[in-house]
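Enquirer: Sharing a structure with you now.
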Amino acid sequence: MTGKKTLNDSDAGMGSKRAGTEISLLMNTFICHPIGARPEEMESLLKNRPVAEIAIGMDHKVIHWNRAAELLTGYMAADVIGTDCHWQPFYREKKPILADLIVDGRTEEMALLYKNQDLMPSKVLPGGWELAGFFVNASGKRRLFYIIAGPIYNDREQMAGAVEIIQDMTQLVLINDLLAESEKRYRILCEYVADGMCLLREGRFILVNHSFVSMFGYEREEELLNRRFQDMVHDSHQSRIADVIANPSDEADKESDFQCLCTKKDTLSIWVEGHYTRIPWEGDKATLVTFRDITGNKLKEVSLEQEKERLSLENIKLKASIRERYRFGRLIGKSAVMQKVYEQIISAAGSRANVIIYGESGTGKELVAKEIHDMSERRGNEFVTVHCGAIPETLLESEFFGYRKGAFTGAYVDKHGYLDLANRGTLFLDEVGELGLNIQVKLLRAIEGGGYTPVGSSRVRQSDIRIIAATNRDLMEQVNRKAVRPDFFYRIHVLPITLPPLRERKEDLPLLVEHFINLYRQEDGPFRLPENVMESLYRHNWPGNVRELQNVIQRYLTEKKLDFLPTFPEKSIPAEMKGCGEVSLNSALEAFEKQFIEETLERHKWKKGKTANLLGVSRKTLFRKMKQYGLES
């Protein structure tokens, strides 16, 4: 019979005595028989259905109470089947449940009793009713139920009872309420905060707030969703946001700040300051970014920088107008050759080009480099000195470019390299001719804007540096010998400055002597060197230049006697140095340097510390030279 299930009249209302028969009929009511299923299997299926099911006969006594009903009510089936106590789990005093009202046909009372629970005819159970609402049980607990109930008919289409299905929705609704409240708070936070906020996944927008949309000149967030953040960044600032758009799975907990120039919808430029952090999102990783418009402040900074540069240039011009200078910063000398050096320093300070300083050891190349930096627009940032000849070749790359934790044994923490430290400042490469070809290639790439990669990292970094190099070698001759790459040479050899040796500017000796006396003399009052001492200073050839003079004056003030570096008679000069024309100038210089060091060591009984001091070089440099010429003892 359409829409109606049967229950035998003889079994209806028989309570627990007919429970097995009623359960069999209920199986016909709620599930289809699987082919070949035994009655006991069907009974087990019905008892273990996941929703609470209660059935009563026409006498209002319980004929079915499945396990889900036991869990929902706390009442066991054995205690309620055959009784009319099915109301007790739901009310403090006896009241009919929906199944009772269906059995008695009390439709009007049903509408009155459940007027606050959205009672309506059921769409899934013919002749049934359904409702949803809160109920207070016997213990005073408030619970939200969804209930559907309907009549059971016998084979003569007579009502034989009613069934009621109950689903507890309390926990689900609480979760939905919490989610709704959480979403509401999120919306308040995102939509009313002044800063722009967005969420990026694989570099594309998946969420944006109202402030972000407005900041970039858009009207609706849909205009931005799924677009690439990188497309809004000015070409000149792409490298600055590389970390932001990088795959967040690389460094899931990383957070950092950045500034970049972006383009609004109307193509106008806008400076933004951002902060990004990696967060979990839908089982993956995403990047949460907050933005602040700093265009006004940035324009003020640019204006101040321009004014600062103008004043700096005026200061340089003023210094350039001063003639017959006796000293220039830490440099001392009034000779014509030194005046030319001062002019070159001023020109180099006003330029952004790389500088190469030539000069013998001890002429003050590092002092010149420092003066250029201190007068340039970079003076507020770092001046990083690198003694190229003192770094083992195996450590050059890690020293220049830094390394990441775990890159090699002993790399316990991340370390910044020279290029990181000199960012926006000056990198001074002392004795640049000592660098090998391999590191020249990588330095050249970094200098030309191609960036560099720290050891143990796969991410390319950028550094805004100015190179000032120094050498006592002929770099062009080094290029011819293929010891220096031509492209590296032309990149650093832009503004050359050549420092004269002390023997070519002996008119500066009195000024230099006075300076070193004031520096090292501890007694008060005026002091002058005896005439015969000054004459000896004039006669000396000063192979160690100003550094040698400094050491001689310091020793004289301490020991009250002159002690020059040794000079060698003609007979001690190697044959290849006598101008026979069979060797290169560099080979002759190296031969002289070897013999010069060896004889100085012998004179001072191979005391390396004293020898290095007399030669005006560091102990490390002396040890390297001894190893180079096979003079190790």
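The values are calculated or read from the model by the stated rules, or taken from the named source; none is laboratory data. Bear in mind that the values here come from a model prediction, so they are computed numbers and not experimental data. Positions of Cβ are generated from backbone atoms using ideal geometry, with glycine treated the same way; all protein chains shown enter the neighbour counts.
Enquirer: May I ask you to list the residues in the stretch 144-160 that are modelled with pLDDT under 85 and within 13 Å of G128 (Cβ to Cβ)?
Expert: Selection gives Y153 alone.
Enquirer: Within the stretch 413-436, how many residues turn out to be acidic (D, E) and under 23 Å from S361 (Cα atoms)?
Expert: The total comes to 3.
Enquirer: Can you tell me which residues in the stretch 103-130 are surrounded by 18 or more Cβ atoms within 10 Å (Cβ to Cβ), within 17 Å of M159 (Cβ to Cβ) and in contact with a helix residue (DSSP H, G or I) (Cβ under 8 Å, 6 or more places away or on another chain)?
Expert: M110, G128, W129
Enquirer: Which residues, taken from the stretch 203-245, are part of a loop (DSSP other than H, G, I, E, B), at pLDDT below 90 and within 16 Å of W281 (Cα to Cα)?
Expert: Passing the criteria: only G203.
Enquirer: M476 versus (1) in a strand (DSSP E or B); (2) over 16 Å from L396 (Cβ atoms); (3) of a type in the set (A, V, I, L, M): which is the lone unmet condition?
Expert: Exception for M476: condition (1).
Enquirer: Now a separate question. Checking the conditions here, which among R503, R547 is touching a Gly at 6+ places or on another chain (Cβ under 8 Å), assigned to a helix (DSSP H, G or I) and either at pLDDT 80 or above or under 28 Å from A369 (Cβ atoms) (or both)?
Expert: The unique qualifying residue is R547.
Enquirer: Okay, next question. Which one is modelled with the lowest pLDDT, of the residues in the stretch 479-494 that are surrounded by 14 or more Cβ atoms within 10 Å (Cβ to Cβ) and assigned to a loop (DSSP other than H, G, I, E, B)?
Expert: Going through the qualifying residues, I end up with A483.
Enquirer: Hey, among the residues in the stretch 257-298 that are over 15 Å from the mean Cα position of the chain (by Cα) and of a type in the set (G, A, S), which one's surrounded by the fewest Cβ atoms within 10 Å (Cβ to Cβ)?
Expert: G283
Enquirer: Now for a different question. Of all the residues that make up the stretch 70-91, how many are farther than 23 Å from T170 by Cα and either of a type in the set (V, I, T) or in contact (Cβ under 8 Å) with a residue 60 or more places away in the chain (or both)?
Expert: 4
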